[in-house]
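Take a look at the structure below.
The values are calculated or read from the model by the stated rules, or taken from the named source; none is laboratory data. Remember, predicted model here, so these are calculated numbers, not experimental data. As a convention, Cβ positions derive from the backbone with ideal geometry for all residues, glycine included, and neighbour counts pool all protein chains shown.
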Amino acid sequence: MTCVRYACIAAVLAIQLGAAPGAWAQTEEVRRLTVEEAVRLALENNLGIRAARIDPQIEDLGVAQAQAAWFPTLTSTLQNASTDSPSNSFLSGAETRISDDRLNTNVGVAKTLRWGGRYNVGWDSSRSTTTNIFSNFSPQVRSSLALTYVQPLLRGFSIDTPRQQLLLSRNTREIADVTLRQAIAVTSRTVRYAYGDLAFAIASLDVQRQSLELARESLRNTRARIEIGTTPPVDQIEAEAEVARREEAVILGEGQVGTTEDALRVLIYDPSSPDFWTLRIEPAELPPFAPRRIDVEAATRTALERRSDIQQSRKNIEAADINLRFFRNQTLPDVTASFDYGLTGLGGTQFLRGTGFPGPIVGQSQRSFGTVLGDLFTNDFPSWTASLNISYPLGATPQAANVARARLQYTQQQTQLREAELQVVSQVRDAGRQVLTNQRRVETTAVSRQLAERRLEAEERKLTAGTTTSFFVFQAQRDLAQARNNELRALLDYQRSLVDFDTVQEAPLR
């Protein structure tokens, strides 16, 4: 029986809401919107949402930048040099001047590996000529291939700076997704609020207009009674004053409609559209009163799992844990193994000398560049070096201070998470309590409105019978208008509390 009664009330309010726009809408184009359509438009056009959607893209670039640490680096060098040196002894290789010309080329690839190691591969080639008589090659062609690999064994093995930055950038990227979801939830709540404010303002304006018509009807009746001599003329002044007061209320109501309409407009429409300020918004519905069962315990569990601020706190703990792991690793001894392997080939024009020192040139032979490369690939002249380097600072170090700071930050983040969880539980419980409170308010304000209608009918009958004055009729009319507005406000607050109860499980209420 109660649901049927409030369904009737909601139907009456919906009729009032539907009738009002026709009274205040002018020549502008009118667009009827449901609350879900308004939310959808906001998610498409709201500038705040558009800006929030850019954050994940920015953080994607941060992840890509961190991953670039493992991209290989290609190096290349081309160098040409010429040197003339004076001869300072008979062993210099020339009587007055020694001329050396050299052309060097180098190509190399360097890369850092995901497990902390790094390698460098380089290929060097050179061609040189000299006037030094002691040289056995001129021109001389040389080529070498060098491979270097360095691997940290303790510090920098499990985590190093590139891996730390990658983990932190990925963590920040996930926080950007959470922040975007929070912006969507908060904007959706704001739009639903603004939509309800506009619907309430239109329905309230209709109530004020109905009250004005009642006052005008009372004024006409008062004038008629004055003409037949049943009412003193002074009552007309009171009736006219009441009409003026209610006209003022209508004017204020029309202004409130425009204000709430603009508030909704800036939330859901694209400001670059040509009809942004001229398109009128007409709510297609005033959400009906429908009692809802509130499960606070289930809502609390959902909020602790999905709330954006809780997820951000957990991501902050993950970031603090990453930093703690990194700084702990930095306190380990720096033990680095390295291995160098090289190959060399030599060619060009080789002088054949006779007996003596340095011996006369009696002939020459040619070793082509292909022969030099053959020396490399057949591993004819290898060289290698293996080393193990160990270093460990004595006494207090910056790394130890960083570990201590990271531990404190990790503990701080955990404490802040517990505090945030406590606040979430409190907010969910309060939101559920507000739903139940406003639900009871709707019930009581509906009864008050019905009693106000019956009181006005009684005062009008008493005025017709001459047992009361128009003052009490006006008072009953004002009480009825206030009761209707109270019922509308209770309905609006109930819908808002439902929106808050749903939103508080996704994002903090601001």
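Structural remarks
- Just one of the numbered conditions (1) over 29 Å from LEU145 (Cβ atoms); (2) touching a residue at least 12 places away in the same chain (Cβ under 8 Å); (3) not hydroxyl-bearing (Ser, Thr, Tyr) is not true of ILE54: (2).
- Across the range 249-266, not a single residue is classified as part of a loop (DSSP other than H, G, I, E, B) and surrounded by fewer than 21 Cβ atoms within 10 Å (Cβ to Cβ).
- Any chance ARG225 is farther than 26 Å from GLY48 by Cβ, crowded, with 17+ Cβ neighbours inside 10 Å and over 46 Å from the mean Cα position of the chain (by Cα): yes
- Residues (among the β-branched types (Val, Ile, Thr) and out of contact with any Asp or Glu (no Cβ under 8 Å at 6 or more places or on another chain)) located in the range 409-427: THR411, THR415, VAL425
- In the set SER76, SER125, only one residue is part of a strand (DSSP E or B) and modelled with pLDDT of 90 or more; that residue is SER76.
- Criterion (modelled with pLDDT of 85 or more and surrounded by 14 or more Cβ atoms within 10 Å (Cβ to Cβ)) met by exactly one of ASN120, ASN136: ASN120
- Selection status of THR148, outside any helix (DSSP H, G or I) and assigned by TED's automatic domain parsing to the domain that holds ALA38: no
- Residues within the range 83-117 that are at pLDDT 85 or above, out of contact with any Asp or Glu (no Cβ under 8 Å at 6 or more places or on another chain) and at positive phi, tallied: 0
- Near pairs, Cβ below 7 angstrom, 6+ apart or cross-chain, from the range 391-404 (part of a helix (DSSP H, G or I)) to any residue that is at pLDDT 85 or above and of a type in the set (Phe, Trp, Tyr): GLN399/PHE327; ASN402/PHE327; VAL403/PHE327
Results for (1) over 22 Å from GLN495 (Cβ atoms); (2) assigned by TED's automatic domain parsing to the domain that holds GLU261; (3) among the polar types (S, T, N, Q); (4) not in a helix (DSSP H, G or I), shown as yes or no for each residue.
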| position | (1), (2), (3), (4) |
| --- | --- |
| LEU168 | yes, yes, no, no |
| THR172 | yes, yes, yes, no |
| THR179 | yes, yes, yes, no |
| ALA199 | no, yes, no, no |
| ALA203 | no, yes, no, no |
| GLN210 | yes, yes, yes, no |
| ALA215 | yes, yes, no, no |
| ARG220 | yes, yes, no, no |
| ARG225 | yes, yes, no, no |
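- Condition check for THR464: within 43 Å of the chain's Cα centre (by Cα), among the hydroxyl-bearing types (Ser, Thr, Tyr), over 17 Å from VAL243 (Cβ atoms) and assigned by TED's automatic domain parsing to the domain that holds SER204: no
- The range 188-203, residues that are among the polar types (S, T, N, Q) and in contact with a Leu (Cβ under 7 Å, 6 or more places away or on another chain): THR190
- Taking the range 126-159 as the range and being touching a strand residue (DSSP E or B) at 6+ places or on another chain (Cβ under 6 Å) and aromatic (Phe, Trp, Tyr) as the test, the residues that pass are PHE137, TYR149.
- The set of residues in the range 287-341 being charged (D, E, K, R), assigned to a helix (DSSP H, G or I) and under 30 Å from GLN423 (Cβ atoms) consists of GLU297, ARG301, GLU305, ARG306, ASP309, ARG314, LYS315, GLU318, ASP321, ARG325.
- Candidates LEU509, LEU436, filtered to the one that is within 30 Å of GLN311 (Cα to Cα) and outside the structural domain of LEU304 (by TED's automatic domain parsing): LEU509
- Of residues in the range 463-502 being touching a residue at least 60 places away in the same chain (Cβ under 8 Å) and not in a helix (DSSP H, G or I), the one surrounded by the fewest Cβ atoms within 10 Å (Cβ to Cβ): GLY466
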